[in-house]
Amino acid sequence: MKFDLTVNGRKRTVEAPAEMPLLWVLRDELGLVGTKFGCGIGMCGACTVHLGGKAVRSCQTPVSEVGKGAVVTIEQVGASAVGAKLQKAWTELDVPQCGYCQAGQLMSASALLAQKPKPAREEIAEAMNGNICRCGTYDRIFRAIELAAGTGGKANG
Amino acid sequence: MADAILAPSRRGFLTAALLAGGGLAVEFSLPLGRAQAATVGTSAVGAFVSIAPNGAVTIVNKNPEIGQGIKTAFAMMIAEELDCDWAQVTAVQQADANPAIYGPQGTGASQSTPNNWLPLRRAGAAARDMLVRAAAARWGVDPSSVTTAKGRLSHAASGRSLGYGEVASAAAALTPPDLKTVKLKTPAQFSIIGKPTKGVDTPRVVKGEPMYGIDTRLPGMLYAVYEVAPANGGKLVSADLADAKAAPGVKHVVQLKGVGPIDALVDGVAILATNWWLANQARSKLKLEWDLSAQKGHSWDAYVAKAKTLLAEKPQLDLIRSGDVEGKLASAAKRVAAVYEIPFLAHATLEPQNCTALYKDGALEVWAPSQIPAGGKAQISKFLEIPEDKITFHVTKIGGGFGRRLRNDYTVQAAAIAKAVPGVPVKLLWSREDDIRRDFYRPSGWHGFEAGIDANGKMIAFKDHFVTFGKDGKSAMFANMHADHFPYGIMPDAAVVQSTLEIGVPIGALRAPVSNGLCYAFQGFLDEVAIAAGTDLPRLLLDVFAEDKLVGEPDQPEKAQTAFSTKRARAVIAKAAAMSNFTSKPIAPGRAMGFGFYFCHNGHFAEVVDASVKDGQVSVHKVWVAGDVGRQIVNPMGAEAQVRGSVLDGLSQALEGQKITFVDGQIEQSNFHDFRLGRNDRNPAVEVAFVASDSHPTGLGEPALPPVIPALANAIAAATGKRVRTMPIDLSALA
Ligand code: FES
Ligand code: FES
């Protein structure tokens, strides 16, 4: 089937089975490999993208359900003020270790800050709980979000 | 003098070349092992350092980056001695597999830092030396009167100065210096090493730029899955591929015959499609019949039962026996005995195993997230019969290693699939289920401990019956005892004896291999001994390590720096106890501290966990870490990250129920719902202190992990009175 999508501000047409997850449309059909595959069952958050401004797991989003909603991926998130601020904070605190989870972390964090510019730590914890970091960079993730939000960024030690 | 100890015994080979467009490229061949040293040549590829006419410095990183920060640390070492400004380092590129140029390129065992600390600094210093001589020649002055700083050369007497880029081409024409005698900075002169430095890849990671193995894309590429037997070593008896071939998007279905060991190529069927999801969907259409008889009886429950029997029987092998342990046990005022169990574990790197390959005109090109690229190349060559000089092996950025990618099975698979479809680039990607079920697992093990305490509360005898995997009492690789660790060389009356059961599932190295299991069992049991002796674990350890000793390489004095040192141990034990105000008494109802110490991968680490237990839930409030990894922390920003990551990794092993089980060799876990990783709700405060010693800087990817597990288990015991003798922790037993 043919699907007309809006990805990172561009109209894209893809030919794919209706149940094919957005993740593979992005990675393999559109070449946007910044969005990562970790589990394929909605458990790790590596595949997080924005759909209509909300963070969604692209591995759990069939292409047929994308509809007219704007898809934004890590390649484009820096174009928004919130995304750019977060990328800066991530770099400032040097969050990544292996870095593999970080696209998903940034997408979850940017959806959070877009909706709630100054989240409490508990709100960050909840919004980010679906994003696994195998390397254990959680403390710097908390701090980077708080740094970007202007609410702190202190080390937990 | 101390520096000579870990240094390669042969000097490296240095050549210099003019960059296209002018500038200096210094190529430095690291020495290989003795036998190979004579054949090390120079090749036109792979400059370690190059300086463009505009002064921009490019550095090549020789070892795979798996998240341990080596790409940044190596660049810092070279830039330090080059004496450039860190901001001048505009690019750090990843080297292809080419041991003739780069020497050993593996990332593992936390050895990258100690093995490259001097050679890479010498490479940087050599480049600096050539720039100095070039500037001196231009000015007609003596090289000794030329100084450098932040990428500039100066002659104080005449007030002249030049940027490195301005003399880079002239420097390229000079003879490189002897690496043995090239002058290195003293630590007091360091301006880059020791400064918190951000990861060189971070700016690209946060933008989602393609860097990882899984990101590789080539024109006309097909996506592959590789279906293998549901149990290790299964043979493909018959295959009906017709339906899979007819599935949407599928271009090829290829049956491959296994060759070599299981980390080379196993029997399987590759499906190649226009995208990965379609390839993966077509798997359900395969009709395959497997012979799984080799794995019959290799079940977790059967192993547990067999281990219990072995523990009760006469041990098969003596590993350590000193003094009269049985006599001392018999005469002891008090005896303590306990059995500890360690589970099988998967690695679960967040980037699943993958590799991209193109076979064309008899030559193979691969893009692999491999921890030992040279090994992968050799294995492909051997088992797929492609000459090594026809293989180009690119190393990609790697989404977590933890030891999994010390095996190149997925690399060989991708190459074999590519060879079956010449001219077609193929990206092989494992699903998470493949990844969990085709691992080389951290092996399980059992310890039957016994200790004797005299009337004064002194531990006078120590015995461990270790039941592990292997044959006739001899352990398999990574299922071994550290026979040169405690009680060896420390306790006059001690025995470590061993029995083995046969292994069926593949086993391998997991972050801090061997140590990650042994530390938990030994330090858990010693905590029990300490309590029985009326003391606490740090005091018991300070007592057994009271005398200054170097243990581990007693016959090799040149390895003294890498040996276990009771003195270094005491320093970190005392430090961790002091930092945390350690007490073995509960600090509140249901809340207590626990202690753990270990020495591995050249690092001495003592850790304290403050945890509370309520309604079967464990909360970790704080972790204190005191570690000795030598006299210099190369990158404090990376070091803090490694320690914190190791601590969280250990806590996850213990608290997330991580355990691999199997029936007739078929792994029962498959994804993150039944092999769980820690999430952000466990983010305790971690206070780290590095205790400097006079030893070489050593690696930090592993040694901070092991002690946190017993520290947690011991805290739980102190808080609840319930001793944790089986990992992972059974939270329901704490409710
Ligand atoms: S890949 Fe989508 S949640 Fe893990
Ligand atoms: S940085 Fe490695 S998984 Fe998060």
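How big is the antiparallel share of DSSP beta bridges in the protein assembly as shown, given as a percent to the nearest 5? Each step should come with its number before you reach the end.
Working: 112 of 144 bridges.
Taking every DSSP beta bridge with both residues in the protein assembly as shown, the antiparallel ones total about 80 percent.
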- Query: Out of the DSSP beta bridges found with both residues in the stretch B:600-735, what percent are antiparallel (nearest 5)?
  - Reply: 70 percent
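Using the C-alpha atoms of the stretch B:475-574, what convex hull volume per residue, in cubic angstrom, is computed? Can you show the working numbers first?
On the way: hull volume 13.6 nm³, N = 100.
Per residue, the Cα convex hull of the stretch B:475-574 comes to 136 Å³.
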- The set of residues whose placed amide H lies less than 5 Å from the amide H of B:Val686, leaving out same-chain residues fewer than 5 positions away, is A:Gly157, B:Val623
- Message: Distance between the C-alpha centers of the stretch B:391-420 and the stretch B:307-336? Whole Å please.
- Response: 45 Å
- Item | Angle between chain A longest axis and helix A:81-92 axis [Cα atoms, degrees, rounded to 10] | 50 degrees
- Item | Peptide B:336-349 - average C-beta neighbours from other chains (10 Å radius) | 1
- Task: Would you work out which of A:Ala120, A:Cys98, A:Ala148 lies farthest towards the positive end of the dipole of the stretch A:77-149? Charges go on Cβ: Lys and Arg +1, Asp and Glu -1.
- Result: A:Ala148
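Once Rh is set to the Kirkwood radius over Cα pairs, what Stokes-Einstein translational diffusion coefficient, in µm²/s, holds for the stretch A:2-72 at a temperature of 10 °C and a viscosity of 1.306 mPa s?
Working: Rh = 11.7 Å.
Translational D for this selection: 135 µm²/s.
In peptide B:685-697, what is the residue-averaged number of other protein chain Cβ atoms found within 10 Å of each Cβ? Could you put the intermediate results ahead of the total?
Numbers: counts 4, 5, 3, 1, 0, 0, 0, 0, 0, 0, 0, 0, 0.
The shielding value for this peptide is 1.
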- Item | Set of lysines near B:Lys463 by C-alpha distance (under 20 Å), chain-local residues within fewer than 8 positions excluded | B:Lys308, B:Lys314, B:Lys328, B:Lys334, B:Lys474
- Task: For chain A, find the longest principal axis of its Cα atoms and tell me its angle to the long axis of helix A:102-115, 0 to 90°, nearest 10.
- Result: 80 degrees
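Ranked from highest to lowest mean number of other Cβ atoms within 10 Å per residue, what is the order of the peptides B:669-675, B:124-130? Walk me through the numbers on the way to the answer.
Details: B:669-675: 18.3, B:124-130: 26.6.
So the peptides B:669-675, B:124-130, ranked by packing, come out B:124-130, B:669-675.
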- Per residue Cα convex hull volume in Å³ - calculated over chain A: 97 Å³
- Query: Where in chain B are the helices, taken as whole DSSP H runs, whose Cα atoms extend 15 angstrom or more along the long axis and whose Kyte-Doolittle mean reaches at least -0.5?
  - Reply: B:70-82, B:112-139, B:300-312, B:373-384, B:409-420, B:515-532, B:566-580, B:636-655, B:708-720
- For A:Lys88, counting only aspartates and glutamates whose alpha-carbon sits under 14 Å away and dropping same-chain residues fewer than eight positions off, the answer is A:Glu146, B:Asp201
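Would you calculate the convex hull of the Cα atoms in chain B and tell me its volume per residue in Å³?
Hull volume normalised by residue count: 166 Å³.
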- Principal axis dimensions, largest first and in whole angstrom, of the stretch A:77-149 by Cα: 27, 25, 17
- Set Lys and Arg Cβ to +1 and Asp and Glu Cβ to -1, take the dipole of the stretch B:155-211 about its Cα centre, and tell me which of B:Ala188, B:Ala157, B:Gly208 lies farthest positive. B:Ala188
- Message: Relative contact order of chain A, please, whole-number percent, based on alpha carbon pairs below 8 angstrom and at least 6 residues apart.
- Response: 22 percent
- Task: Give the cross-link partners of B:Lys251 among the aspartates and glutamates, using a straight C-alpha distance below 15 Å as the criterion and excluding same-chain residues fewer than 8 apart.
- Result: B:Asp243
- Excluding ligands, DNA and RNA, the carbon-plus-sulfur percentage of the accessible area of chain A with a 1.4 Å probe reads 52 percent
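Charges at C-beta only: +1 for Lys and Arg, -1 for Asp and Glu. How large is the resulting dipole of the protein assembly as shown about its Cα centre, in Debye rounded to 20? Can you show the working numbers first?
Working: 93 positive and 84 negative charges, 308 e Å.
It works out to roughly 1480 debye.
For the protein assembly as shown, rounded, prolate or oblate, judged on the Cα gyration tensor with a ≥ b ≥ c (square roots of eigenvalues), a/c < 1.5 rounded, else prolate if a/b > b/c?
Working: a/c = 1.42, a/b = 1.10, b/c = 1.30.
Here the protein assembly as shown falls in the rounded category.
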- Quick one: give the max-minus-min coordinate of the C-alpha atoms of the stretch A:111-155 along each principal axis, largest first, in Å. 27, 21, 15
- Query: What number, in percent, do you get for the relative contact order of the stretch A:2-72 if the mean sequence gap of Cα pairs under 8 Å and at least 6 apart is divided by its residue count?
  - Reply: 39 percent
- Note on the structure: So, relative contact order of the stretch B:321-423 in percent, Cα under 8 Å, 6 or more apart, is 33 percent
- Message: Using the Cα centre of the stretch B:610-671 as origin and beta-carbon charges of +1 (Lys, Arg) and -1 (Asp, Glu), tell me which of B:Gly616, B:Val629, B:Val647 is placed farthest towards the positive end of the dipole.
- Response: B:Val629
- Starting from the stretch A:89-157, pick out the trypsin sites (Lys or Arg not before Pro) whose DSSP state is loop and whose Cβ has at most 12 other Cβ atoms within 10 Å. A:Lys154
- Item | Solvent-accessible area per residue for the stretch B:445-567 (1.4 angstrom probe, square angstrom) | 34 Å²
- Quick one: what are the phi-derived ³J(HN,Hα) couplings along the stretch A:129-137, Karplus 6.51/-1.76/1.60 with θ = phi - 60°, whole Hz, x for glycine and proline? 5, x, 9, 7, 10, 5, 8, x, 8
- Item | Counted charge near B:Gly220, where neighbours are those whose Cβ lies closer than 12 Å (Asp, Glu -1; Lys, Arg +1) | +4
- Helix A:138-149 vs. chain A, principal-axis angle (Cα, 0 to 90°, nearest 10): 90 degrees
- Rounded to 5, the percent of DSSP beta bridges in chain B classed as antiparallel: 75 percent
- Query: Tell me, Kirkwood radius of the stretch B:652-731 from alpha-carbon pair distances, in Å?
  - Reply: 15.6 Å
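The values are calculated or read from the model by the stated rules, or taken from the named source; none is laboratory data. None of the values given here were measured: they were computed from a predicted structure. Here Cβ is always computed from backbone atoms with ideal geometry, including for glycine, and neighbour counts include all displayed protein chains. Heads up: the accessible areas ignore ligands, DNA and RNA and are worked out on the full protein's heavy atoms, side chains in. Shrake-Rupley method; radii C 1.70, N 1.55, O 1.52, S 1.80 Å.
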